[in-house]
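**Q** What follows is a single structure, and I will ask about it in a moment.
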Amino acid sequence: MMGGYGDVKLLNDDGTRLDGRAIDEMRPLTAEVGILPAADGSAIVTHGLNVAIAAVYGPVEAHPRKIQRQDRAVVDVRYNMAPFSTSDRIRPGYNRRSREISKVTAEALESVVLVERFPRAKISVEIEILAAEAGTRCAGITAASLALADAGIPMRDMVVGVASGKIDNIVVLDLDKAEDNYGQADLPVGILPTTGEIAFLQMDGDLSPEEYNTCMEYNFKAAKEIHQIMIDALKAKYDGGA
Amino acid sequence: MNGAAEGAEQRLVTPGEVIGTSLDKSAGIGVLSQGEGMIATRLGWVRENNDTISVDPINSRYTPRSGDLVIGVIEAVRNNLWFADVLGPFNGLLPMSLAPWKVEFGAARQFMDVGDVILARVQEVDESHSVVLTMKGVGLRKLKEGIMSSIPMNLVSKLKGENDENLRALSTASDCRVIVGENGRIWIDGDSTGIDLVRKAIDLVNKEGHKNTFQQSLSDMIGNTPGGAE
């Protein structure tokens, strides 16, 4: 991240953060599934000011042929930020960052989807970030998991995207934009909430082993909360008449 | 609801949710046995049948199985075979040897072209999920008149009812020929008032098919109790 701005003060004197949150407090998160009639499965996740929409198509025959795998399905993720999602307009289209996030998201999702059930097929996941405020890859992966569940794709578990980081030498949960830009470290993780496995992990900046452990403790705690919101969102759509 | 599911509380589960132990039950469709636990792999309703726990998915793509009656739409024609979209992951392949006509090599297009709708049966599904269709069999044919609609494939059994009772009742009430493919496609042939009634029934399945009250709602709509047994 854009570190090095050591003179920016990110913690208030009473220990709260600039937006008033406690250090282990997450930004509010909402989720809804089945929002796009044309997709096989879809979801929208708002996390703080982030808005992520995910759509799932498939499984369908994988095209072009060269990406087909004879023994399993491929998960094809396309992460894209809308040009209007940030304060500086983003040039539309693929860039290095979106390729990277697409790749790590695809690998995280492939670890939970039962890909061996669909040889030669492709499962397309489209993640569109409508508004960005740090933590879009986490919001994106959470939305993608919900969309996959909504599409009825068999999975071992859902992946929950959460992040912790370090600002002013203190470990905090769920960095917002200022904390991400001027903070010292960021640790986004994809967690399988039922088994506690980790599907992806990235780190920007430096953390000591102790700080890392605190980050992960916060991340697991937040993952539980988010997981419950995801379950509620899935059940809210269908549990009406049971 | 029918049979074993009657009276049982319907439980909605999400992927990854632990739904029981594998010590006394075995895992059915939509359930994965992991160590001592059993986890749901799909969003759906838990169903316990004797010693098997399975999850009926709420939403899923059709997976062809051999013997299924399906309604397909021709997507491509080659010299000696047709490709039909059956709503599964892969197109079904209909070789001319399994068509109901004597077709000369190169003349396939004269019998069926892109956009034609067929009633076919799944002949074979191999381990890489290639699907071979057949039109040799009683009633299998090219569908010419009528309209096509569709429902999620997991609701097909709800629309048909036990031993196709709902389907028969619907056909009688609407005076239409109604064919429901296992892949969720529906073919309706009859006059416009009849088609309208079937369309309403299809809307009802789409909206309320997963509910316990569906059977009653459908019976109310088509004006008689199927079989009189419920």
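**Q** With the checklist (1) in contact (Cβ under 8 Å) with a residue 24 or more places away in the chain; (2) surrounded by 11 or more Cβ atoms within 10 Å (Cβ to Cβ) in hand, flag the one item residue A:63 doesn't pass.
**A** Of everything listed in (1) in contact (Cβ under 8 Å) with a residue 24 or more places away in the chain; (2) surrounded by 11 or more Cβ atoms within 10 Å (Cβ to Cβ), residue A:63 misses just condition (2).
**Q** Of the residues A:39, A:31, which single one is surrounded by 17 or more Cβ atoms within 10 Å (Cβ to Cβ), part of a strand (DSSP E or B) and of a type in the set (A, V, I, L, M)?
**A** Sole residue among the options that is surrounded by 17 or more Cβ atoms within 10 Å (Cβ to Cβ), part of a strand (DSSP E or B) and of a type in the set (A, V, I, L, M): A:31.
**Q** With (1) within 14 Å of another protein chain (Cβ to nearest Cβ); (2) assigned to a loop (DSSP other than H, G, I, E, B); (3) among the hydrophobic types (A, V, I, L, M, F, W, C); (4) farther than 30 Å from residue A:191 by Cα as the list, and residue B:83 as the residue in question, which single condition is left unmet?
**A** All conditions are met except number (2).
**Q** Contact list please: Cβ distance under 7 Å, first residue in the range A:73-89 and closer than 12 Å to residue A:144 by Cβ, second residue assigned to a strand (DSSP E or B) and hydroxyl-bearing (Ser, Thr, Tyr), pairs at least six apart or on different chains.
**A** From residues that are closer than 12 Å to residue A:144 by Cβ, the pairs are A:76/A:124.
**Q** Testing residue A:109 on (1) more than 28 Å from residue A:17 (Cβ to Cβ); (2) within 11 Å of another protein chain (Cβ to nearest Cβ); (3) touching a Ser or Thr at 6+ places or on another chain (Cβ under 8 Å), one condition comes back false. Which one is that?
**A** (2)
**Q** Can I ask one more? Would you mind finding the one in B:30, B:20, B:37 that is more than 16 Å from the chain's Cα centre (by Cα) and at pLDDT below 85? Outline the logic, then answer.
**A** On the way: B:30 fails: at pLDDT below 85; B:37 fails: at pLDDT below 85.
So the residue among B:30, B:20, B:37 that is more than 16 Å from the chain's Cα centre (by Cα) and at pLDDT below 85 is B:20.
**Q** Taking the stated definitions as given, is residue A:123 within 14 Å of another protein chain (Cβ to nearest Cβ), touching a helix residue (DSSP H, G or I) at 6+ places or on another chain (Cβ under 9 Å) and of a type outside the set (Lys, Arg)? Don't jump to the end; show me each part of the working.
**A** Details: within 14 Å of another protein chain (Cβ to nearest Cβ): yes; touching a helix residue (DSSP H, G or I) at 6+ places or on another chain (Cβ under 9 Å): yes; of a type outside the set (Lys, Arg): yes.
Answer is yes for this residue.
**Q** Note down all Cβ pairs under 6 Å where the first residue falls in the range B:71-98 and is under 18 Å from residue A:120 (Cα atoms), the second is part of a strand (DSSP E or B) and acidic (Asp, Glu), and they're at least six residues apart or on different chains.
**A** Going by the 6 Å Cβ cut-off, the qualifying pairs are B:83/B:75; B:85/B:75; B:90/A:61; B:91/B:75; B:91/B:85.
**Q** For the range B:141-152, which residues satisfy the criterion of being within 16 Å of the chain's Cα centre (by Cα) and not hydroxyl-bearing (Ser, Thr, Tyr)? If you could, list the steps in order and put the result at the bottom.
**A** Start the filter on the range B:141-152 by keeping residues that are within 16 Å of the chain's Cα centre (by Cα), which leaves B:148-152.
Within the range B:141-152, B:148, B:151, B:152 meet the criteria.
**Q** Here's another thing I want to ask about it. For the structure I just gave you, tell me whether residue A:58 is modelled with pLDDT under 95 and either in contact with a helix residue (DSSP H, G or I) (Cβ under 8 Å, 6 or more places away or on another chain) or not in a strand (DSSP E or B) (or both). Break it down into steps so the answer makes sense when it comes.
**A** Working: modelled with pLDDT under 95: yes; either in contact with a helix residue (DSSP H, G or I) (Cβ under 8 Å, 6 or more places away or on another chain) or not in a strand (DSSP E or B) (or both): no.
No: the conditions fail for residue A:58.
**Q** OK, next. What pairs come out if I take residues in the range B:52-63 that are at the interface with chain A (Cβ under 9 Å from one of its Cβ atoms) and without any contact (Cβ under 8 Å) to a residue 60 or more places away in the chain and pair them with residues that are of a type in the set (D, E, K, R) and outside any loop (DSSP other than H, G, I, E, B) whose C-beta lies under 7 Å away, six or more apart or interchain?
**A** Sorted first by the residue in the range B:52-63, then by its partner, the list stays empty.
**Q** State yes or no: is residue A:48 buried (at least 17 other Cβ atoms within 10 Å of the Cβ), in contact with a Pro (Cβ under 8 Å, 6 or more places away or on another chain) and under 27 Å from residue A:174 (Cβ atoms)? If you could, list the steps in order and put the result at the bottom.
**A** On the way: buried (at least 17 other Cβ atoms within 10 Å of the Cβ): yes; in contact with a Pro (Cβ under 8 Å, 6 or more places away or on another chain): yes; under 27 Å from residue A:174 (Cβ atoms): yes.
Yes.
**Q** Sticking with this structure for a sec: Keeping to the range B:157-175, report how many residues are closer than 22 Å to residue B:117 by Cα and crowded, with 22+ Cβ neighbours inside 10 Å.
**A** Summing the residues that are closer than 22 Å to residue B:117 by Cα and crowded, with 22+ Cβ neighbours inside 10 Å in the range B:157-175 gives 1.
**Q** Being of a type in the set (A, V, I, L, M) and buried (at least 20 other Cβ atoms within 10 Å of the Cβ) is the filter; apply it to the range A:173-194 and report the residue that is farthest from the other protein chains (Cβ to nearest Cβ).
**A** Pass one, the range A:173-194, residues of a type in the set (A, V, I, L, M): A:173, A:175, A:178, A:185, A:187, A:189, A:191-192.
If we keep only those that are buried (at least 20 other Cβ atoms within 10 Å of the Cβ) as well, we get A:173, A:175, A:185, A:187, A:189, A:191-192.
Working: A:173: 22, A:175: 27, A:185: 29, A:187: 23, A:189: 17, A:191: 11, A:192: 7 Å.
Filtering the range A:173-194 for residues that are of a type in the set (A, V, I, L, M) and buried (at least 20 other Cβ atoms within 10 Å of the Cβ), the one farthest from the other protein chains (Cβ to nearest Cβ) comes out as A:185.
**Q** If you check residue A:197 against the conditions, is it farther than 30 Å from residue B:62 by Cα and within 14 Å of chain B (Cβ to nearest Cβ)?
**A** Details: farther than 30 Å from residue B:62 by Cα: yes; within 14 Å of chain B (Cβ to nearest Cβ): yes.
The answer is yes for residue A:197.
**Q** Now, a different point. Mind listing whichever residues of the range B:83-98 are closer than 15 Å to residue B:70 by Cα and small (Gly, Ala, Ser)?
**A** Within the range B:83-98, B:84, B:88, B:92 meet the criteria.
The values are calculated or read from the model by the stated rules, or taken from the named source; none is laboratory data. As the structure is a prediction and not an experimental result, all values here were calculated from the model. Using ideal geometry, Cβ is built from the backbone for each residue, glycine included, and neighbour counts are taken over all protein chains shown.
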